[in-house]
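Read through the structure below, which is laid out as structure tokens, and then see the notes.
The values are calculated or read from the model by the stated rules, or taken from the named source; none is laboratory data. Keep in mind the model is a prediction, meaning the values are calculated, not measured. FYI the Cβ positions are ideal-geometry reconstructions off the backbone, even for glycines, and counts take in every protein chain you see. Protein only, heavy atoms only, side chains kept; ligands, DNA and RNA dropped before computing areas. Shrake-Rupley method; radii C 1.70, N 1.55, O 1.52, S 1.80 Å.
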Amino acid sequence: MAVVPYKEQRSGKKEQVAEMFNSISKKYDFLNHFLSLGIDILWRKKAISLLKEDNPKLILDIATGTGDFAIEALKLNPDKIIGVDISEGMLNMGKEKLRKRKLDNKIELQLGDSEKLLFDDNKFDAVIVSFGVRNFEDLEKGLADMYRVLKPGGKTVILEFSRPARFPFKNIYNFYFKAILPKIGRLVSKDRAAYTYLPESVQAFPDGERFLEILKKVGFKNTQCKPLTFGVSSIYTGVK
């Protein structure tokens, strides 16, 4: 059974995830940086640096949210970045951020379903995702559509939470993630479910080698996993 934010509702995961992010969109950036102690910013920098040698000119950022990963990807000097997300609330916050920074000529944000991308085959030089694939309703279907829109020779870079395996960091992480983080998230965001869903979705996500196997299954080659910060998150890469 899929992990969902609002267990009392009958709607599917996709609809619930969109509702959740609409609910927390105004507090999302603050909570993201606060709850990770700002380390998420360094994770994004590390992930984008893995595309430097590829020199991608057209980039697709899936589950773009408020656009932080897309903004970081501008360091690659692409011609254009398109960001797609299912949450209008997150996109509205992202568009405002881009306007204020005068970046809306380089980054275009669109409402869209990551499992039914409205783009031609073989269109993008790179497809990137940060903290979004675990929210896919059908993980394999979403990854297969990412593969479809990527040009032959193009690379995907996926940043996602994972689970530390070594004592004692594993125990410290689990206590913080399950006991402290949900309370702070609920207090600030006013959404009772969102930051309970976060650790539950991470726990259910097939991280590490299991995720690499799914990437291979949908067609990606040269797949790699790079754990970050004792395994709190991981960067996955693959080539079409």
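One table, with the values for the structure above:
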quantity: As computed over the range 107-197, the Cα convex hull volume per residue (Å³); calculated: 142
quantity: Nearest-20 debye value, the chain charge dipole, Cβ charges on Lys, Arg, Asp, Glu; calculated: 640
quantity: Radius of gyration and Dmax over the Cα atoms of the range 178-240, both given in Å; calculated: 15.2, 43
quantity: Paired Rg and Dmax values of the range 1-45, which use every Cα atom, in angstrom; calculated: 13.4, 38
quantity: Prolate/oblate/rounded call for the range 51-129, Cα gyration tensor, a/c under 1.5 rounded; calculated: oblate
quantity: Dipole magnitude of the range 1-130 about its Cα centre (Cβ charges: Lys, Arg +1; Asp, Glu -1), debye to nearest 20; calculated: 480
quantity: Helix-derived mean residue ellipticity, 222 nm - over the chain, DSSP H n ≥ 4, -39500 (n - 2.57), to 500; calculated: -13000 deg cm²/dmol
quantity: From the C-alpha gyration tensor of the range 157-207, square roots of 5λ in Å; calculated: 20, 15, 8
quantity: Which listed pairs, of 102/141; 80/217; 27/116; 13/190; 14/45; 102/155, have C-alpha distances above 32 Å, in listed order; calculated: 102/141
quantity: Dipole of the chain, positive end: most advanced residue of 110, 2, 198 [Cβ charges, Cα centre]; calculated: 198
quantity: Set of lysines with alpha-carbon distance to residue 170 below 16 Å, sequence-local pairs under 8 removed; calculated: 178
quantity: DSSP-loop GluC sites (Glu not before Pro) across the range 1-100, with at most 13 other Cβ within 10 angstrom; calculated: 8
quantity: Relative contact order of the chain, pairs being alpha-carbon contacts under 8 Å that are 6 or more residues apart, as %; calculated: 21
quantity: Per residue, in Å², the accessible surface of the chain once ligands and nucleic acids are set aside, probe 1.4 Å; calculated: 49
quantity: Fraction of accessible area attributable to carbon and sulfur, the range 1-160 (%, probe 1.4 Å); calculated: 51
quantity: Calculated SAXS-style log₁₀ I(q)/I(0) at q = 0.12, 0.14, 0.15 Å⁻¹ - the chain, Debye, Cα scatterers; calculated: -0.64, -0.89, -1.04
